[in-house]
1. Enumerate the calculated ³J(HN,Hα) couplings along region 539-544 in order (Karplus 6.51 cos²θ - 1.76 cosθ + 1.60, θ = phi - 60°), each rounded to whole Hz, writing x wherever the residue is Gly or Pro.
2. Considering amide H positions built from the backbone, and no H for Pro or chain starts, which residues 5 or more places from M231, or on another chain, come under 5 Å of its amide H?
3. Normalised radius of gyration for the chain, please: alpha carbon Rg relative to 2.2 N^0.38 Å, two decimal places.
4. In the chain, what percentage of the DSSP-assigned beta bridges are antiparallel, given to the nearest 5?
5. About the Cα centre of the chain, how large is the charge dipole given +1 on each Lys and Arg Cβ and -1 on each Asp and Glu Cβ? Please answer in debye to the nearest 20.
6. Hey, what do the phi angles of region 125-130 turn into as Karplus ³J(HN,Hα) couplings, whole Hz, using 6.51/-1.76/1.60 and θ = phi - 60°, x for Gly and Pro?
7. Using only C-alpha atoms and all pairs of different ones, pull out the Kirkwood radius for region 320-363 in Å with one decimal.
8. At a 10 angstrom cut-off on C-beta neighbours, averaged per residue, how do the peptides 278-285, 242-249 rank from highest to lowest?
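The values are calculated or read from the model by the stated rules, or taken from the named source; none is laboratory data. The shown structure was predicted, so the numbers you read here are calculated from the model rather than taken from an experiment. FYI the Cβ positions are ideal-geometry reconstructions off the backbone, even for glycines, and counts take in every protein chain you see. Calculation scope for accessible area: heavy atoms of the full protein, side chains included, ligands and nucleic acids excluded. Shrake-Rupley method; radii C 1.70, N 1.55, O 1.52, S 1.80 Å.
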Amino acid sequence: MSESKPRDNPYLAHLPPSQRGVGTGSKEITKDPLFGFLPRKVKGDQVRKAMDGDVNPFTKQPHSGQYKKILETRKKLPVFAQMDEFLKIFSENQIIVMVGETGSGKTTQIPQFVAYSDLPHTKGKMVACTQPRRVAAMSVAKRVADEMDVQLGRHVGYSIRFEDMTEAGTTFLKYMTDGMLLREAMNDPSLERYSTIILDEAHERTLATDILMGLLKGIAKKRKDLKIIIMSATLDALKFQKYFSLRSDATAPLFKVPGRTHPVEVFYTQEPEPDYVEAAIRTVLMIHRAEDPGDILLFLTGEEEIEDACRKIKLEADDLLNQDPSSVGPLSCIPLYSSLPPQQQQRIFDAAPPPITKDGPPGRKVVVSTNIAETSLTIDGIVYVVDPGFSKQKVYNPRIRVESLLVSPISKASAQQRAGRAGRTRPGKCFRLYTEKDFMKELEEQTHPEILRSNLSNTVLELMKLGIKDLVSFDYVDAPAPETLMRALELLNYLAALDDDGNITPLGGIMAEFPLDPQLAKLLIVSPEFKCSNELLTITAMMSVPNVWLRPNNQRREADAAKAALTVPDGDHLTLLNVYNQYVLNKHDKNWCWTNYLSQRALQQADNVRAQLQRTMERFDIDLISLSDEKKLFVNIRQALVCGFFMQVAHKEGEKGNYLTVKDNQASQPSLISVVALHPSCGLDTQPEWVIFNEFVLTTRPYIRTVSEVKAEWLIEFAANYFDLSTFPDGETKRALQRAWNKRAGRGDKKSSKGSRQDGSDERLAKKRRTDGRD
Ligand SMILES: Nc1ncnc2c1ncn2[C@@H]1O[C@H](COP(=O)(O)OP(=O)(O)O)[C@@H](O)[C@H]1O
Ligand SMILES: [Mg+2]
């Protein structure tokens with residue numbers, strides 16, 4: 001008698017497929033590793049058994065050798081030891097607040113535990129885990145895909161602005177930036193596709209995380225099936241527990257993972273350091289020469305500073321090695337910042353270099369990082385931390401509508417986090433490049449939530465689109481300043497995204513669909529009226545990626561010459577367009593980029609962003625057109641730019657190259673910061689009377705960057721309401737505008753129909769939208 005396989009046996013048809021061996025296709029595998037798992041009632045023993053098994057429960061493929069190896073290291077993480085406790089609290093509660101030391105395994109392990117208990121793949125749902133930083137979302141998703149033995153982008157994926165690394169129907173664990181989840185909420189207000197949402201790094205209090213907390217609190221009341229976990233590194237959990245209490249008499253439960261940290265000895269400088277970068281480099285070299293083996297983590301503030309410091313450290317360390325190879329080991333210096341390509345980011349996990357000779361002194365690794373390494377990414381093996389006490393922070397002044405990234409002192413909480421990075425594997429040392437007195441007296445306790453120091457126009461539009469009209473009574477964790485809200489409403493009203501009653505207009509609805517600032521979204525939407533939508537699409541994409549210009553220290557002159565050859569004198573926006581067009585004409589050639597001192601990576605990114613924005617434009621029937629007459633085209637482009645950026649206009653005052661940002665100067669007393677100059681990178685060959693700018697930067701003095709020349713006539717034609725002179729302070733700017741108004745009255749011009757506020761374009765867009773059936 002021939003042996004029949006259980007799957008073919010008709011008498012077993014009543015059994016679930018997993019017990020019949022159906023769907024596995026392999027004869028050793030007769031049982032589903034998740035057999036007997038009841039969603040949200042799963043126990044630790046079950047999960048551990050499934051994890052230890054030979055078959056991957058999610059792919060049904062045999063586990064790889066690498067999987068087993070990583071599993072062994074995972075088992076040593078503090079979070080792992082508390083799996084049973086976590087699964088219990090997860091089963092019993094809808095909302096959980098969790099705190100644990102950085103590196104304890106929150107970000108990588110908790111979402112996996114949730115996946116095993118929630119089994120989102122069996123109900124067509126997903127688990128989301130948000131991160132404030134793109135780098136962290138990408139890096140952690142990669143790590144977790146490896147840990148779960150699946151391909152990144154399939155069962156485990158990530159989603160960040162302009163990059164969706166997920167597969168519909170397959171991905172059930174998704175790491176994403178908090179901003180992306182907020183965007184998704186606009187079209188799916190109850191976030192139906194998720195069964196559990198984890199807000200990670202909640203202590204960072206980014207703008208998007210704060211808004212999400214408010215939204216999720218509301219959604220949780222309507223969707224009892226949605227579980228929410230708020231994870232954070234520091235111990236101010238009580239604030240979150242109170243905020244998320246579902247009943248007035250009880251706070252949300254706390255799940256706490258005690259850290260397994262080692263003591264860290266903290267050293268201060270005796271005197272304040274006049275140059276923190278120089279002091280930091282000196283300190284790193286001192287550690288390398290004099291301290292026991294162990295890697296170093298140095299915190300600096302941004303890409304340029306970090307690359308520069310790495311170069312200097314490397315040079316000096318090589319010198320030391322040459323002079324005294326018997327007592328100084330080799331040193332590798334690894335930069336870490338968010339715009340770094342992913343493969344290079346992975347280098348932080350490389351081991352320190354081996355000794356030069358067999359018995360020579362051991363090598364050392366130095367990671368020079370932005371704030372990313374404070375809590376988002378854990379680097380093992382760090383024993384020494386060098387903390388100059390600064391980071392780049394967003395600062396917003398609603399009075400002059402300027403948001404900028406400024407190098408600012410960190411908070412005490414940050415300083416403590418940084419020091420903690422030295423004690424992950426064994427006792428460590430932290431060198432603070434400031435005095436103990438400054439630490440005690442000058443540093444704030446906590447970093448201010450971002451919502452209190454940001455321009456809120458994007459957020460307000462998103463909230464409006466979500467149907468939240470009453471911004472004042474929204475349940476904020478910390479409410480923003482009323483003036484900041486006013487400024488946002490005002491900008492959106494001028495852009496015609498909101499009507500005079502504060503309702504979102506059809507135009508505003510479409511603007512919200514673009515993953516862009518409202519000004520840029522507006523530009524794209526009006527661009528067909530100026531017959532230059534192809535070009536504005538390119539310019540917008542170029543403004544959405546990191547700087548494309550390379551300027552290596554030892555080849556500045558060559559780089560500047562290459563840039564000059566690509567520069568269009570009418571404005572930096574047109575130069576960006578030209579660079580992109582040349583890149584395409586040269587068939588995306590790497591060598592062409594290289595010889596022209598352009599970043600191929602940034603240009604590739606622009607290409608990608610352009611394609612995605614184009615899809616959004618097509619979705620809303622925004623035509624892609626160009627004019628063949630280049631001269632006319634260039635004028636039209638600058639006119640269209642005015643339709644988005646009319647609130648970022650500066651007027652030349654006197655002959656010294658000073659500009660005043662328009663409307664910010666109060667009567668005869670222009671505030672110091674409203675006097676700006678064209679940034680040295682600006683390619684204009686003259687100093688035109690009127691310019692629009694994309695960015696305000698404060699270095700040695702206030703500068704405006706990415707600047708194009710515009711005309712006063714355009715300002716009053718395409719943004720008549722904003723340039724209504726009754727709202728202007730007296731001064732040279734007002735007089736110049738008055739002349740433009742007079743000239744226009746003299747010509748007896750009719751009101752233009754292009755791009756201005758309450759023109760036909762809203763109406764037209766509204767019609768298109770109705771035919772879309774998207775409302
Ligand atoms: N890409 C990676 N390669 C190697 N180890 C990693 C990687 N990503 C994370 N880890 C390790 O996983 C551990 C847990 O990290 P994580 O879950 O991010 O902790 P937490 O979120 O609690 O700060 C850390 O020891 C870290 O070094
Ligand atoms: Mg984490």
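1. 4, 4, 4, 5, 7, 9
2. M98, L199, D200, E201, A202
3. Cα-based Rg divided by the globular estimate yields 1.04.
4. Roughly 40 percent of the DSSP beta bridges within the chain come out antiparallel.
5. Charge dipole, the chain, about its Cα centre: 1760 debye, nearest 20.
6. Per-residue couplings from phi come out as 10, 10, 9, 10, 10, 8 Hz.
7. 11.9 Å is the Kirkwood radius here.
8. 278-285, 242-249
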